[in-house]
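A.B. asks: Please find one structure pasted underneath; my questions will follow.
Please treat every number below as a calculation from the coordinates, not as lab data. This structure is a prediction, so every number in the text was calculated from the model and none was measured. All Cβ positions, glycine included, derive from the backbone under ideal geometry; neighbour counts span all protein chains shown.
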Amino acid sequence: MQVDIPQVLFKNRHLGRPATIDEYMAGGGYEALRATIGQRTPAEVLQLVLDADLRGRGGAGFPAGRKWQGIPADHVGTRYVVINTDEMEPGTFKDRVLVNVDPHLVIEGIILCAYAVGACEGVFFIRPSYEGDAKLIEQETQVARERGYLGKNILGTEFCFDVHVHRSAGRYICGEASAQIKAISGLRPNPRKGGPRTSVRGLWDCPTIVNNLETLANLPGIVRNGPAWFKSLARSESGSGTKLYSVSGMVARPGCYELPIGVTIRDIIFTHAGGMPPGKTFKTVIPGGASTPYLPETLLDLEMDFDPMKKAGQRFGTASLMVFDKDTCLVGATLSLMEFFARESCGWCTPCREGIPYVRELLRRIEGGEGTEEHIGMLQEMLPVLDLAYCAFAPGAAEPLRGLLTHFMDEVRAHITEKRCPFGNPPPHVRGKACGTRPPQFGPTPCPEDQCPI
Amino acid sequence: MSPLPPELSTELHRLVTAVDNPREAAVDVMYALQHHYGYLCDEAMHRAAEVLGMTTLELESLATFYDYLYRRPVGRYVIHVCDSVVCWMFHQDSIFDYLCRTLGVPPGGTTEDGLFTVLPAACVGNCHNAPTMLINGRFYDRLTPEAVDAVIAELRAGTEEPVRCK
Amino acid sequence: MPDLIIDGRPVTVDKGVSVIEAAERAGVMIPRFCWHKSLGAAGACRLCAVMFVEGPVKGLEMSCMTPAADGMVVETGHPKAVAFRRQIIELLMANHPHDCPVCDEGGHCLLQDETISGGHSLRRFPGRKRTYQDQNLGPFIQHEMNRCIHCYRCARFYQDYCGYRDFGPMQNANRVYFGRFEDGPLDNPFAGNLADLCPTGTLTDKPGRFVARRWDCQRAPSVCLHCSLGCNVTALSRYRRVARIEARDNAAINGAFICDRGRYGFGYQSAQERPRAPLAAGRPATPEEALRAAAGLLAAAAKRHGPDAVAVVGGQRSTMETQAALIALARAAGWRAPAFFAAAREQAQARQALYALTPPRARSLADLAKADAVLVVGVSPLADAPMLTLTLRQAARAGAAIFLADPRPLALPLDHVHLPLAPRQLAAVLAVAAAGEDASGLIQQKFPLAPELWPRLEALAQAMAKAKRPALAYAPALAASLPGDDRVGLFPVLAQAGTAGAALLAPTDAPGLDELAAELAAGRIKAVIAVETDLFAAAPALAARLDALEALVVLDHLPTPTVAAAQVFLPTATLFETGGTLAASDGRLQRAEPVQAPGLSVLADGAGDHPPRDYARPLPGTDPAPAAFWCDRLGRALSLELPRHPLAEALAAHPVLADLDPVTLPAEGQRPTYPGREPATPESPPAQPAAEGLAVVMETPFFGGDELSRYAPLTADKTGPAVALLHPDDAAGLNLADGATVALDCGDAPATAAVRLHPGVARGVVVVPRLPRFDALPPNLGPCGLRRRETP
Ligand SMILES: Cc1cc2nc3c(=O)[nH]c(=O)nc-3n(C[C@H](O)[C@H](O)[C@H](O)COP(=O)(O)O)c2cc1C
Ligand code: SF4
Ligand code: FES
């Protein structure tokens, strides 16, 4: 770990285990809270966050303060904060690492957000494979409750707020904010569009703020050190703060790194993550999680920040870098991604429900050496269809495919001309994947092909 | 339907009353019943419907939507093998195949002794340790065939209660 | 008021109207699957994509999800939009079976239309098709899941619009499945609409399956006869047999939907038991013989005992044409005026209920859905006026407070407050509702014995006082107690489809059936002519004395016991064969068109020998004729002077209906200007003192409760069990347990029923289903009227 990189969120990572509340407080933890509750008005906290230009870390990069402003000022009654820890985007694991480093940093951030928006109840939405982290949060919120940071009359003021853990049963679409609210309400997690925003009508029809866990973890720092400090953390012109980068795939030191917003992709991969493993050469990277396109080598010096990435036709997303080497077949990789998206869709709209399996089928054929030139055209035509889906899920799924067709068409063509995978991958035989966990009484009928019921 | 053990009844009651609206506890109640019955059999679904005041259809709507609620029998340990792109890059397929072959089950199948079910899973959030799998709430990192053998042996020998979300 | 241009056509719409709807108003039909005007936008199918060229939205967008805005220029035929829509169709067809030739939806399938009009005719996709297993969803809806295109219309209708929760989506991604937890009939009594709503052959009308292609059917706009609401339907007939009934849009009444009673109760038309041959002296006869016999008998009775000895009974399921013809016949012959109601008081109440519908107060069903507080008194929506249930649900979803005062327990799929009160207490509820915010004194005074209801009654008074658009739905018995306040909208619910017509047309001095029974008992009535009514159900006391008659002439199309008792019988045609005018309970007159000729269905006639080869013989089963026709012929046989157009003349002479012409009624019906309270109405009857024993309240079973659906094969067997519902307290007083068998005192033979305890029953009331065995129950069961029967 290089010393010159400020560690804000990962300050306590050196412990190698979750920091206790005392360790957290020894480093100034809960000071922001003490300096805020009963000392500042919620509006002042909101202003700090607006000034700091804190942008959402969950993928969309929407300014947190602006979202909070969406709550109708005249709303009397319950308001909710939902802490989005679904994190099911392939390649992303930062939230899990963060909770395991400093649970109280997260908890303090949640309380600060609740104070700023006047919420009295928080829901910590977490995916099933993070059951250990769910337990950790339950345990540490209890500690915070005992210390008087959560519950009724926090720090002896009028402010009351508590948070409970909601366990998901696992689907990527539950990460989408409006779907998440439905999931918490015991409804099918189909996203909701049109009508009022969730900040106006969300959980149980009350104003609800859904933020990514990492977004909220930035709040103690902002409140304690001020917006100017937060902005100064970033390297890029427009950015502010640090970011947790999940780096995986073909690199020497995969892992989660806290680095400034605006570091270059090259820096992340080749400096911090140790470069390529011995004997491997770099081919491409998916820079922001599975819903972002492959990035060609020529763009390696791009700054990791929302706006510069967007300008270059790339996406910052969740800043989860998946690195591919020259020996990895990108048709196969894209196919793997499509298997994921096809399986995790909510099934509401046609482009996603039918379009992604359509793409998947074509990629399976190409990867298996049965592709034709016509299939490429069909794939290309499917891009605008996926883009016009009901929510951002299918457009996300389109991104890797677009990247493949834009930057790596040679590789696709090679599959077609050679009638096999040039990297020697076996045909993606149908794994007949588990029909195992769904009731047999209704379909799809036991399915050899295409119908993976997982 | 045979009566539920009193602790479970108490637990279900607690889950439903801990939240403002019983619907919110739907998944938790199903987890608890799944833990008790081993999977969400029809009886479990009727129980859940009773406890939550929802219809069996509403619960089926949820149970079949999600990945970690099992409406068909599964083994004591459900092996979720991540099959997303990073693990795939590290030849997750062969790990998956190896598991199936070692245990003698088709994908989604359960071993005859009722111990293991092998399922492919969406990215489990452990990509820096690919290829990976999740059993009993625990991650197993950087799998190799030998590592898989060791894990299976350990679980076979162990008497550890399976941990599932509940 | 946004102004926009769609395909070059300017259109102005209200704020909040979506572009797809605006286009429809401009005459442009944008393709769609999931959008439905009653269900709204879902944004699921993505077929309605259009190009926004100018204005606040730019680019390709869904027209169903985009509200119309000023300055929009929309091109539905933009190449990008066309290409996008074609690909959506390709995706949907990738998994859709090519079974149109055997699919019951084939030919009137929206998916078929959009596929063909979108130009998708070649399958490029190399993958295999998804397959599902189907479920048995009961007798009315057929499930073919493979054809599903996942527009979610069914689920949105079933769960959101209707509020039932046993059918819906399961699984996720491309495995989404619409069905039930397990096989079984659907709970939702409006489920038949799924067949209309589903844009493919996934959910089709089961009884209509393989009966006829829809386009092969004769079709006619008709009006439902199964309750008083007057929902609009389309009748489809094939081979002289009604094949199915579909909902027909009427924005003011039923919107796009109807209930299953209306949809599946049509089978009496082609039932084998339908009496089709005239009878004279109890034996088959030619129409002429039967007419001559009838005329002879009636004339003889009148001659021997005076014209007053002939009593005329009319029905409440007849068209106004029939009712007017019967009235004209009786008048010309000098007989007693026809009795349509059980008592003269009921007739006055029904008329009063309608006359109260002055223009500022009259509400249609659609208006009711927009009310913000509704009080329903003396009406059990699902039993008495099923579509009222859906209307109330829409009002409740929009935030209205719904109160129902009724002695019967109510199982309604909507948020509501039930006030279980005995019939005699209902008028006091109206007083409370009109009392304003501070009603507690009145409440305690009127309901001293029901303190548990005080909070609900106060909530009612408050809600009605605060509401901007309060409304009242009421049974006619309460017409005399309606509040005078013009703010409160009015919506009466009458007994049957012909009740309003009878109340409007019957002479004010017409006797009630009770009076006729008494006169018959006193020997002053010697002949009865009954038209489209079953005396055993409508007038048990009269029916019990039919033996004393010299003549019983019956006109009907149902095989009722009255028909069996007739000396002379003339078969009448059904509404499907005659068409006619009907007055709905909201006071609107509507026209139903005939869909087919009377006469035996070709299927029944051919007996498998198709086509019938004996061309020489006359068509069988063609004797039934409109009841009005028989009345006219009977008059001629009696050498009477009858009006040529009895209804037209009756309307012209009517104080309220004079402006209406039954021939030119507009499509949505026409409501005359009602005068409000009749000057001569009797004062509201004094609240009856609480009689000893239990008040008997009838509840019409959803199926088979009305006379027509009782004789319809699809619905006849679905009346449910013969149970007597009691409040647990009353049952305890009578020492009755749940499930006990009791004998209810009704005339000669007691009727047995199983006791069910239900806290939703008013105290002092016994609720029984309207089944033939209970027809003769007195209005009040005395202390010994309900006895436990020792189970043998
Ligand atoms: C398909 C889909 C999946 C998503 N998954 C997640 C997720 O797992 N975690 C997350 O924080 N945000 C996720 N998001 C983004 C959320 O919708 C939402 O923008 C975010 O939680 C807002 O928090 P932020 O503003 O703090 O980023 C997802 C969005 C989509 C469309
Ligand atoms: S794109 Fe459509 S089907 Fe896919 S997740 Fe979003 S709403 Fe569901
Ligand atoms: S009609 Fe607009 S998306 Fe279906």
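A.B. asks: Once each part is reduced to its C-alpha centroid, what is the distance from the range C:304-319 to the range A:165-207 in angstrom?
C.D. replies: Each part reduced to its Cα centre gives a spacing of 66 Å.
A.B. asks: Please work out the ratio of the alpha-carbon Rg of the range C:694-788 to 2.2 N^0.38 Å and round it to two decimals.
C.D. replies: 1.06
A.B. asks: Give me the log10 of I(q) over I(0) for the range A:114-189 at q = 0.13, 0.15, 0.18, 0.27 Å⁻¹, as the Debye formula computes it from C-alpha points; what are the numbers?
C.D. replies: Each listed q corresponds, in turn, to -0.46, -0.59, -0.79, -1.16.
A.B. asks: How much net charge surrounds C:Glu550 when only other residues with a Cβ under 12 Å from its Cβ are counted (Lys, Arg +1; Asp, Glu -1)?
C.D. replies: Spelling it out: positives minus negatives among the neighbours equals +2.
A.B. asks: What is the P(r) of chain B, as percent of Cα-Cα pairs per 10 Å bin from 0?
C.D. replies: That works out to 10, 36, 30, 19, 5, in percent per bin.
A.B. asks: I need the per residue convex hull volume for the range C:3-93, using only the alpha carbons, in cubic angstrom as a whole number.
C.D. replies: So the per-residue Cα hull volume is 82 Å³.
A.B. asks: Only helices at least 24 Å long along their own axis, judged from Cα atoms, and with Kyte-Doolittle mean hydropathy of -1.0 or greater: name those in chain C from DSSP H.
C.D. replies: Long hydrophobic helices here: C:287-305.
A.B. asks: Here's a follow-up. Count the DSSP beta bridges whose two residues both fall in the range A:234-325, then state the antiparallel fraction as a percent rounded to the nearest 5.
C.D. replies: Working: 12 of 16 bridges.
Looking only at bridges with both residues in the range A:234-325, the antiparallel portion is about 75 percent.
A.B. asks: To the nearest 10 degrees, how steep is helix B:92-103 against the longest Cα principal axis of chain B, on a 0 to 90 scale?
C.D. replies: Taking Cα atoms only, the helix is inclined about 80 degrees.
A.B. asks: Sticking with this one: What is the angle, in °, between the Cα long axis of helix B:26-37 and the longest principal axis of the Cα atoms in chain B? Nearest 10 is fine, range 0 to 90.
C.D. replies: Between the helix axis and the principal axis of chain B, the angle is about 70 degrees.
A.B. asks: With no solvent and one point on each alpha carbon, what is the Debye value of log10 I(q)/I(0) for the range C:83-141 at q = 0.21, 0.22, 0.23 Å⁻¹?
C.D. replies: Here the Debye-derived log intensity ratios amount to -0.93, -0.99, -1.05.
A.B. asks: If the limit is 32 Å between Cα atoms, which of A:Lys11/A:Lys152; A:Lys11/A:Lys310; A:Lys310/C:Lys37; A:Lys182/C:Lys718; A:Lys67/A:Lys135 go over it? The partial results should precede the final answer.
C.D. replies: Working: A:Lys11/A:Lys152 30 Å; A:Lys11/A:Lys310 30 Å; A:Lys310/C:Lys37 39 Å; A:Lys182/C:Lys718 38 Å; A:Lys67/A:Lys135 29 Å.
Correct reply: A:Lys310/C:Lys37; A:Lys182/C:Lys718.
A.B. asks: Roughly what angle does helix B:42-52 make with the longest principal axis of chain B, taking Cα atoms, 0 to 90 degrees, to the nearest 10?
C.D. replies: Taking Cα atoms only, the helix is inclined about 50 degrees.
A.B. asks: Which of rounded, prolate, oblate describes the range C:353-494, given a ≥ b ≥ c as roots of the alpha-carbon gyration tensor eigenvalues and a/c under 1.5 marking rounded, otherwise prolate only if a/b is larger than b/c?
C.D. replies: rounded
A.B. asks: Same structure, new question: Sequence gap at least 6, Cα distance under 8 Å: using those rules, report the relative contact order of chain A to the nearest whole percent.
C.D. replies: Values: 882 pairs, mean separation 64.8, N = 454.
Here the relative contact order equals 14 percent.
A.B. asks: If you take every residue apart from A:Pro207 with its C-beta less than 12 Å away from the C-beta of A:Pro207, what net charge results, scoring Lys and Arg +1 and Asp and Glu -1?
C.D. replies: +1
A.B. asks: Using the Kirkwood formula over every pair of different C-alpha atoms, what hydrodynamic radius in Å results for the protein assembly as shown?
C.D. replies: This gives a value of 35.5 Å.
A.B. asks: Using the C-alpha gyration tensor of chain C, what are the square roots of 5 times its eigenvalues, in whole angstrom, with the largest one first?
C.D. replies: Numbers: eigenvalues 413, 231, 142 Å².
The answer is 45, 34, 27 Å, longest axis first.
A.B. asks: Counting pairs of alpha carbon atoms under 8 Å apart in space and at least six apart in sequence, what relative contact order in percent does the range A:13-225 give?
C.D. replies: 30
A.B. asks: Under a cut-off of 19 Å between alpha-carbon atoms, report the lysines in cross-link reach of C:Lys526, not counting same-chain residues fewer than 8 places apart.
C.D. replies: The qualifying lysines are C:Lys303.
A.B. asks: Quick one: of C:Lys370/C:Lys466; A:Lys193/C:Lys129; A:Lys311/C:Lys80, which pairs are farther than 20 Å apart, Cα to Cα?
C.D. replies: Over 20 Å apart, Cα to Cα: A:Lys193/C:Lys129; A:Lys311/C:Lys80.
A.B. asks: From the square roots a ≥ b ≥ c of the eigenvalues of the alpha-carbon gyration tensor of the range C:351-425, which class results: rounded (a/c under 1.5), prolate (a/b over b/c), or oblate?
C.D. replies: oblate
A.B. asks: Let me ask something else. May I have the convex hull volume per residue, in Å³, for the Cα set of the range A:234-325?
C.D. replies: So the per-residue hull volume is 73 Å³.
A.B. asks: Would you mind giving the average projected area, over all directions, of the Cα convex hull of chain A in nm² with one decimal?
C.D. replies: Seen from a random direction, the Cα hull of chain A projects 21.8 nm² on average.
A.B. asks: By average Cβ neighbour count within 10 Å, what is the ranking of C:242-250, C:171-179, C:758-766 from highest down?
C.D. replies: By packing density, highest mean first, the sequence is C:171-179, C:242-250, C:758-766.
A.B. asks: May I pose another question? Could you work out the equivalent-ellipsoid semi-axes for the range A:12-124, taking the square root of 5 times each eigenvalue of the Cα gyration tensor, largest first, in whole Å?
C.D. replies: 25, 19, 13
A.B. asks: For the range B:6-63, just say rounded, prolate or oblate: build the C-alpha gyration tensor, square-root its eigenvalues into a ≥ b ≥ c, call rounded for a/c under 1.5, and beyond that prolate if a/b exceeds b/c, oblate if not.
C.D. replies: oblate
A.B. asks: Please report, in Å, the Rg and the Dmax of the range B:77-156, where both are computed over Cα atoms only.
C.D. replies: Rg, Dmax (Cα atoms, Å): 11.2, 33.
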